Amino acid sequence: MKTIYLDNAASTKMDDAAIEVMTNFMRNDYAVASSQFSHRPGILVKDALENSRLTVAKAIGAKEDEIVFTSGGTEANNLALFGTAKAFAGKRNHLITTKIEHVSVKDSAAELSGNGIKVTYLDVNNEGFIDLDQLNDAIDDDKTFLVSVQFANQEVGTVQNVAEIGKICRSHNVLFHTDSALSFPSIPLDVRKLNIDLATFSAHKMYGPKGAGALYIRNKTPIKKIMMGGFNEFNLRGGTENVPAIVGFAESIRRFDKKDVEKVQDLRNKLWTSINKSIEDVHINGPADFSKRLAGNLNCSFDRVEGESIVLHLDMNGIAVITGSACFSRSLEPSYVMMSLGFSHERAHSSVRYSFSKFNNEDEIEPVSEATKKVIERLRQISPVKKAI
Amino acid sequence: MKTIYLDNAASTKMDDAAIEVMTNFMRNDYAVASSQFSHRPGILVKDALENSRLTVAKAIGAKEDEIVFTSGGTEANNLALFGTAKAFAGKRNHLITTKIEHVSVKDSAAELSGNGIKVTYLDVNNEGFIDLDQLNDAIDDDKTFLVSVQFANQEVGTVQNVAEIGKICRSHNVLFHTDSALSFPSIPLDVRKLNIDLATFSAHKMYGPKGAGALYIRNKTPIKKIMMGGFNEFNLRGGTENVPAIVGFAESIRRFDKKDVEKVQDLRNKLWTSINKSIEDVHINGPADFSKRLAGNLNCSFDRVEGESIVLHLDMNGIAVITGSACFSRSLEPSYVMMSLGFSHERAHSSVRYSFSKFNNEDEIEPVSEATKKVIERLRQISPVKKAI
Amino acid sequence: MPIPYSNKVIDHFLKPHNSGSIKDADAVATEGSPACGDMVKLYLKVDKKTKKIDDIKFESYGCASNIATASIITDIAKGKTIEEAKKVTWKAADELLGGLPPVKIHCAVLAVDSLHAAIENYEQSHGLVKNPKTTTKEIVLSRLKHVINPLTGFNVIKADLINDVVINNGIVTVYTKLAGDHQFAANIKEEIIERIEPLWDVKKVEVKFDD
Amino acid sequence: MPIPYSNKVIDHFLKPHNSGSIKDADAVATEGSPACGDMVKLYLKVDKKTKKIDDIKFESYGCASNIATASIITDIAKGKTIEEAKKVTWKAADELLGGLPPVKIHCAVLAVDSLHAAIENYEQSHGLVKNPKTTTKEIVLSRLKHVINPLTGFNVIKADLINDVVINNGIVTVYTKLAGDHQFAANIKEEIIERIEPLWDVKKVEVKFDD
């Protein structure tokens, strides 16, 4: 049975070109990226590292020395939050973030909160948007050291108004970090125009490899390293650079094609149209205006049925999706994102996320829609819940 | 010109088998390792992750749930030091380590030192060995939370008496961490027999990929995570696991062959015999008794010549080695390891490290020895230093 | 085999036995709630003379573990007397299913609980309880711990949503702190009634909102 | 091209011009020390009448930048008068070499310094200094800042290794805090003499150890 993989928001299939570049690199360029006064093998790896850095920098309108490579988006988010908190220690102690950030921001904020940092968690409305006035009011010009708001949400696809958030932060002269792991490069990002001081990137969400991410750090941003071990990465991240993965990361950026975003958007729209037409009592989670959500994201709740059962049934049909149900998660808690949108536990438990990549195809839409329909029907038949809650 | 790569202590060439496993994995298993109640693609990746964990655990006599995968040796060392410091915060505040640790331990200790932790840096003798009595005396049964001593040194190859260090720590009931990134699996390690509580491993030092490492954490060891982002890795390391690299890491352990250690040892011995016979005024750095140093490590100083020039000349001959000279390093400081052994700056500046892997061959020995001889002769001719300092 | 469930579990999950409802059931019991992510409703038809379970059906809003367990325990219970059926344990179900993943045991327990609760309800409402206790405020509150507020996922006792319980001549009146136009008022009312009504000496249950 | 050096630098590094020593040199100067990782010794042979540099040679314990710069500045200086040679700058050398990596400039400066120092030594020891200053303790201490303790990498002034300097009738006596059997006593003594001896009014340099 061929798998229809619709969990691309978790991790995308890799570009063959990126795999090839990495494989060749692993085969031939096994030295550690070294100082320029080293041996040729080390210098060649260093050159590849710097070329990759240039690729990332150019793609977001940054300078080369503003890109710090990390082991992934999680480490980049950790560096953004802990690194600025360290730099402002004793001076500023207030962090602003939202209730629906990726766990790497959420858990970092919680850790800081347990260590004397005051954290404001901005509310979101029932489509996942923060209130810009609430943000503006929350900033304490003397105490706030960082505002961290994700570019787009991992579960419900909400794309925040980053341009306005950037302006507000700049007007208060407060650092602005955005986790753009999911949105970039599908949604282009110019760090200067958007007044971004720190931005997180993750290779494996954009057809690149796991093990590589980056944090954009605007020059002169007060930040201290969190990973110790040498002067690498402008003395902001110790440890041997994972250059094979970084080279694959850069390759995936080079291969990026805007047309793929349109394709992904189109597939998502078609699936929603089909599901919405054939299944009753289904609700979109996240922005109803699809222009305000991630191109590949569809998240909806099916009344009266439980998510894990839906996912397992679909999996038996070769369709890979996820749910916000507690039974599905490692924590056995329903999705905090769904709950933060003000929905009931049940709505969270009944939610399914379909997320697309350029490797999906139109002929996958009908099978997914039909399988979903059958599964929902079958589960509703045996459900004790007879009306929508 | 074919390169003779002798910088294997920095990073080894990868096993083809490990590259192949990784490439296939990247091609087919691109999902994120998920909870067991997820979709098949995610569960398959999770299974591969757990199989790899079992491989690492078995290789060191540990249990599966005692292995935490990290992005590499540096992160593992950071986790060991910061993680235990956090767990003992407010209770114990004394760390013991040595003067010749890898930068990731050295810099972590320095960072802790700047944050209220008292750090004792054990001296080493002129062969790089710590004094067990000094260690025993340094431990404060009430205040010491961790003893971190590397298994073997990265520059001069000194293999510490880990068994005795483990016994001493156990007798004081103090945690013992050893950075075995360079020694394992060449030097086998049984965490129970050696009384090790935490041990660091790095894939790319053992024919595996960059981007994967592990920290062995004995069950019930007080430790807190440092990388936030979900409950992964027994809630001790957040972030998407780099499973392709972890799978390559496990493969490199499976491919390990004791005979390769003998080969590497033999090559190193032959090169030293040849250099020592043909070049005057050369001194071994690290243990003179080769049974007490890493199999593949040769580090020697050539009187009256400067390291960067030696390395550059050898590089022109296609031979990749490194030196402890300041001119070579990123920090423009001579090797702190060499200095800690009590040698002069000059001896550090004149040092060259040749490090071997199983991919080196006997027919490389004479060319390296002869090239070294010629280079040293030429540089001595133009040296203003006429006698050994 | 990537899936953490045995073939037996998957069989019951894909084609559950005894699923559905019984219109003129002699007893019904619900355990869990959609808010908790798992809910089972169990229907019993019992032969009045033999006390044998003539028919049994379940409905599940739940995960595979929950559905499969409900499926297999209804198989086991069918045809047994209620006394025999009381002895059905989640361990027996777990064994017959070839073992459930440890973290999923609670979903199986929920299904077994619904069988036990339905039998108890049957006994209560059919005068089969030996030395029956008079329903007290304490007994009512204890039963209300199984009623969940879908919004928070907490039960109404923990969530402090009950103002008072008054028992008068077999009529139980539950005073809640919820407004009558609360999003889940109807749901919670229904669940409260279902919980309290089967008690042997309860004639009627009234739920009052705080308007 | 992975190597950070220009082809010109590599050419001079691999085949340095004017390397070696001059036995009966008219002036010698050493800059740096093996302890610093870079050391250049420069030898001059000067025509007494024309003041032209007849011969110039260098020895280097140093990196490629150091060797190449020494090589090219000796090329430039050869045949020039000492007045002309004084004007040789590291910038000129850097330009001729096609540009050195920024962090390597200090190694180039060291080589140029050795040329300037050798010329100054020549002038001092050949009575060419106009309005020469009488050598004072201050002047001696200032020159001793270029003498490095190989063990620590610090110069003897910074390392506080000098007890006193006494100048008497052209005889300079340097009292050090080092023991005579110190590992590097002989080295340090030699360097001190080389530094102080060229001064025009110094007849002899004595170095005393703290025994």
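The table that follows gives values for the structure above.
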read-out: The stretch A:16-53 versus the stretch D:75-101: alpha-carbon centroid distance in Å; value: 37
read-out: Inter-label distance for D:Ala159 and C:Lys49, nm, one decimal - labels placed 7 Å from Cα along Cα-to-Cβ; value: 11.3
read-out: Likely footprinting exposure, B:Ser350, D:Ser60, fewest C-beta neighbours within 10 Å first; value: D:Ser60, B:Ser350
read-out: Of B:Lys387/D:Lys8; A:Lys13/A:Lys210; B:Lys106/B:Lys220; A:Lys225/B:Lys86, those spanning more than 21 Å from alpha-carbon to alpha-carbon; value: B:Lys387/D:Lys8; B:Lys106/B:Lys220
read-out: Listed residues B:Val311, B:Val261, B:Leu298: farthest to the positive end of the dipole of the stretch B:241-346 (Cβ charges); value: B:Val261
read-out: Rounded to whole Å, sorted largest first: equivalent-ellipsoid semi-axes of the protein assembly as shown, Cα gyration tensor; value: 73, 30, 28
read-out: Angle between chain B longest axis and helix B:73-87 axis [Cα atoms, degrees, rounded to 10]; value: 50
read-out: Amide proton proximity set for D:Ser19, modelled H, under 5 Å, gap of 5+; value: D:Phe58
read-out: Where a label projected 7 Å from the Cα of A:Asp281 along Cα→Cβ would reach, residues of the stretch A:351-381 with amide N under 14 Å; value: A:351, A:376-381
read-out: Equivalent ellipsoid semi-axes - Cα gyration tensor, the stretch B:282-389, angstrom; value: 20, 18, 13
read-out: Helix-only [θ]222 nm of chain B, DSSP H runs n ≥ 4, -39500 (n - 2.57) each, per residue, nearest 500; value: -12000 deg cm²/dmol
read-out: Residue-by-residue Karplus 3J(HN,Hα) for the stretch B:358-366, coefficients 6.51, -1.76, 1.60, Hz, glycine and proline x; value: 5, 7, 7, 9, 4, 6, 8, 5, 4
read-out: Candidates C:Ser142, C:Ser19, C:Ser33: whichever shows maximal mean-square fluctuation once chain C is modelled as a Gaussian network with Cα springs under 10 Å; value: C:Ser142
read-out: Rg and Dmax of the stretch C:39-156, Cα atoms only, in Å; value: 15.2, 44
read-out: Inter-label distance for A:His172 and D:Tyr175, nm, one decimal - labels placed 7 Å from Cα along Cα-to-Cβ; value: 6.8
read-out: Rounded tilt (10° steps) of A:103-113 against the dominant C-alpha axis of chain A; value: 60
read-out: Residue (of A:Thr74, A:Ile139, A:Val149) at the positive-pole extreme of the stretch A:53-175, dipole from beta-carbon charges; value: A:Thr74
read-out: Protection proxy ranking of B:57-66, C:125-134, A:134-143 - average other beta-carbon atoms within 10 Å, highest first; value: B:57-66, A:134-143, C:125-134
read-out: For the stretch D:133-211: span of alpha carbons on each principal axis (Å, largest first); value: 33, 22, 18
read-out: Under the Karplus curve 6.51 cos²θ - 1.76 cosθ + 1.60, θ = phi - 60°, whole-Hz ³J(HN,Hα) for the stretch D:15-21, x wherever Gly or Pro sits; value: 10, x, 8, 6, 8, x, 10
read-out: Point-charge dipole on Cβ atoms (K/R +1, D/E -1) for the stretch B:1-67, about Cα centre, debye to 20; value: 100
read-out: Residue among B:Gly128, B:Gly157, B:Gly342 with the largest mean-square fluctuation in a Gaussian network model of chain B, springs linking Cα atoms under 10 Å; value: B:Gly342
read-out: Nonlocal amide H pairs with C:Lys177, under 5 Å, H built at 1.01 Å; value: C:Ile162, C:Asn163
read-out: 5 angstrom amide H check on B:Ser183, placed H, neighbours 5+ away; value: B:Ala152
read-out: Cα-centre dipole for the stretch A:88-215 with unit charges at Cβ (Lys and Arg positive, Asp and Glu negative), debye to 20; value: 460
read-out: Rel. contact order, % - alpha carbon contacts under 8 angstrom, at least six apart, chain D; value: 19
read-out: Nearest 10 degrees, 0 to 90: helix B:307-316 Cα axis against chain B principal axis; value: 90
read-out: Most mobile listed residue (B:His177, B:His283, B:His204) in chain B, GNM with C-alpha springs under 10 Å; value: B:His283
read-out: Residues in the stretch C:29-48 that a label on C:His126 would reach, taking backbone N under 12 Å of a point 7 Å out along Cα→Cβ; value: C:44-48
read-out: FRET efficiency estimate (nearest 0.05) - Cβ-Cβ, C:Val166 to A:Lys220, R0 51 angstrom; value: 0.15
read-out: For the stretch D:78-84, 3J(HN,Hα) per residue [Karplus equation, 6.51 cos²θ - 1.76 cosθ + 1.60, θ = phi - 60°, Hz, x = Gly/Pro]; value: 4, x, 7, 6, 5, 4, 5
read-out: Cα point-scatterer Debye curve for the stretch A:54-212, base-10 log of I(q)/I(0) at q = 0.11, 0.15, 0.21 Å⁻¹; value: -0.39, -0.75, -1.53
read-out: Loop trypsin sites (Lys or Arg not before Pro), the stretch C:1-52, which have at most 15 other Cβ atoms in a 10 Å radius of their Cβ (DSSP); value: C:Lys23, C:Lys48, C:Lys49
read-out: Efficiency of FRET from Cβ geometry, D:Leu14 and B:Met1, R₀ 22 Å, rounded to 0.05; value: 0.90
read-out: Peptide A:103-111 - average C-beta neighbours from other chains (10 Å radius); value: 4
read-out: Cβ-derived FRET efficiency at R0 60 Å, B:Ile187 paired with A:Asp65, nearest 0.05; value: 0.90
read-out: Free-standing Cys, chain D [no other Cys Cβ under 4.7 Å]; value: D:Cys36, D:Cys107
read-out: Estimated dipole of the protein assembly as shown in Debye, rounded to 20 [Cβ of Lys and Arg +1, of Asp and Glu -1, Cα centre]; value: 0
read-out: 10 Å Cβ neighbours from other chains, averaged over peptide A:24-34; value: 6
read-out: For D:148-157, mean number of other protein chain Cβ atoms within 10 Å; value: 3
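Taken together, the values in this text are just the output of simple stated rules run on the coordinates, not laboratory data. The model shown is predicted, which means the values in this text are computed figures rather than measured ones. All Cβ positions, glycine included, derive from the backbone under ideal geometry; neighbour counts span all protein chains shown.
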